[in-house]
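The next block holds one structure in the form of structure tokens; read it before the comments.
The values are calculated or read from the model by the stated rules, or taken from the named source; none is laboratory data. Here the structure is a predicted model, which means the values were calculated and not measured. For neighbour counting, all protein chains shown are included, and Cβ atoms are generated from backbone atoms with ideal geometry for every residue, glycine included. Please note that ligands, DNA and RNA were not included when accessible areas were found on the heavy atoms of the full protein model with its side chains. Shrake-Rupley method; radii C 1.70, N 1.55, O 1.52, S 1.80 Å.
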Amino acid sequence: LTIARRLGVEIDRNSKVIQRRRFMKIMRECETLAQSLGITVLKGAFEAEAAAAKLQQDGIVDGVITTDGDAFLYGARQVYRNLLVTERTCEKYAMSRVESELGLSRDDLVGMAVLNGCDFNPDGVTGLGRGTVLNYILSRDRSRTVTEELISWNDQMQEISEKYKRLEEIKRKPHCGTCKHIGSKKEHTVSGCICCGTTSHCNASSDAHCTCTKHVAQRLLSSPHMQCCVKFVKQGNSAQIPVREIVEEFSNNKSNAPVLPKWDLPSCIHFLSFMQDKLQWRQAVSAEKFCQVAALHFISRNLVFSKPYSALIPLL
């Protein structure tokens, strides 16, 4: 619904798409559980990943726990996924490794989101796979960013369409049947072949590219850059792609991340009541788990050693 509102799309409020009552109920229960443990709950104005990324950018949190890859696009540097509490394991993804090992910047990822799809353009560009888009981004001219290039494509669709049409209409001239390069076999026998690098005859085993305008145009049209550009323009001519809106959404994270308050004192009564009501935990089990959290709370705030024992107020 948030995305639809931003894009100006009307959605039937009675449709199943926005029937999130169960999800919201679970969210409220998670909020109650977190508050019973003294954890502050912050609600983002729009996307949760945007607010979480802003918290990390401001140095308030160490990372973002989410299954949504949009977190990196919003500016998160550390993302944690698939937390397994029983095994005490999780998957950690670092933007620094994405940059150093994959050669992809945050702007590159935003460009991939436009072409391959994201929440604001779910289907992406038809006919473009992740491999083609990745090859385009890694092999492209770095004189401008990916998002700048996508915006220029969006602004020059007519010119690009006309250029593509001209390249496709180039006629193929006669080629040698031996080396497959431009020119007849007779011409090559007498004068040689420029592509083969000979002064007489030609080289049947030559792997040199033909330099005729038709083959140059075919190689250009088959390049990842041109494939992405042409398919982007073709789809843009029939269905407008909100390029500027997507780039603005991810590149300029305007979430207002408030300063995170201190970790409040956990409430044993509320925690035990919640666990018994929602998970049917016995109070002895809940109390054992709670004591570990309470101990960590006191130790992390130096309450045990910096103040008299009276600071350890009764939990029950």
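May I ask you to list the residues in segment 138-154 that are closer than 15 Å to residue 231 by Cα, surrounded by 19 or more Cβ atoms within 10 Å (Cβ to Cβ) and free of Cβ contacts under 8 Å to residues at least 60 places away in the same chain?
Hit for segment 138-154 is 149, nothing else.
Could you please find all residues in segment 39-85 being surrounded by 22 or more Cβ atoms within 10 Å (Cβ to Cβ), in contact with a helix residue (DSSP H, G or I) (Cβ under 6 Å, 6 or more places away or on another chain) and among the small types (Gly, Ala, Ser)?
Residues satisfying the conditions are 53, 71, 76.
What are the residues in segment 230-252 that are at pLDDT below 85, out of contact with any Leu (no Cβ under 9 Å at 6 or more places or on another chain) and closer than 17 Å to residue 147 by Cα, if any?
236, 240, 252
Limited to segment 234-252, what total is found for residues that are under 17 Å from residue 126 (Cα atoms), part of a helix (DSSP H, G or I) and either over 22 Å from the mean Cα position of the chain (by Cα) or not hydrophobic (A, V, I, L, M, F, W, C) (or both)?
Final tally of qualifying residues: 5.
Taking residue 81 as the residue in question, decide whether it is assigned to a strand (DSSP E or B), at pLDDT 90 or above and more than 24 Å from residue 254 (Cβ to Cβ).
When the stated conditions are applied, residue 81 passes them.
Looking at segment 264-279, which of its residues are part of a helix (DSSP H, G or I), open to solvent by 80 Å² or more (accessible area, probe 1.4 Å) and touching a helix residue (DSSP H, G or I) at 6+ places or on another chain (Cβ under 9 Å)?
269, 270, 276, 278
Looking at this structure, is residue 36 modelled with pLDDT of 85 or more, of a type in the set (Ser, Thr, Tyr) and under 30 Å from residue 269 (Cα atoms)?
Criteria met by residue 36.
Any chance you could count how many residues in segment 110-133 are open to solvent by 30 Å² or more (accessible area, probe 1.4 Å), touching a residue at least 24 places away in the same chain (Cβ under 8 Å) and within 14 Å of the chain's Cα centre (by Cα)?
Result for segment 110-133: 2.
Filter segment 200-227 down to the residues that are at pLDDT 90 or above, open to solvent by 60 Å² or more (accessible area, probe 1.4 Å) and among the hydroxyl-bearing types (Ser, Thr, Tyr), then identify the one that is nearest to residue 164 (Cα to Cα).
222
Within 30 Å of residue 26 (Cβ to Cβ), surrounded by fewer than 17 Cβ atoms within 10 Å (Cβ to Cβ) and not hydrophobic (A, V, I, L, M, F, W, C): is that true of residue 282 in this structure?
The answer is yes for residue 282.
Using the structure shown, decide if residue 184 is of a type in the set (Ser, Thr, Tyr) and open to solvent by less than 70 Å² (accessible area, probe 1.4 Å).
Taking the combined requirement at face value, the residue satisfies it.
So how many residues does segment 86-102 have that are more than 20 Å from residue 52 (Cβ to Cβ) and exposed (fewer than 11 other Cβ atoms within 10 Å of the Cβ)?
Number of matching residues: 6.
Kindly indicate whether any position in segment 104-121 is more than 19 Å from residue 253 (Cβ to Cβ) and not aliphatic (A, V, I, L, M).
Taking every residue of segment 104-121 in turn, at least one turns out to be more than 19 Å from residue 253 (Cβ to Cβ) and not aliphatic (A, V, I, L, M).
Among the residues of segment 160-172, how many are without any contact (Cβ under 8 Å) to a residue 12 or more places away in the chain and loosely packed, with under 12 Cβ neighbours inside 10 Å?
4
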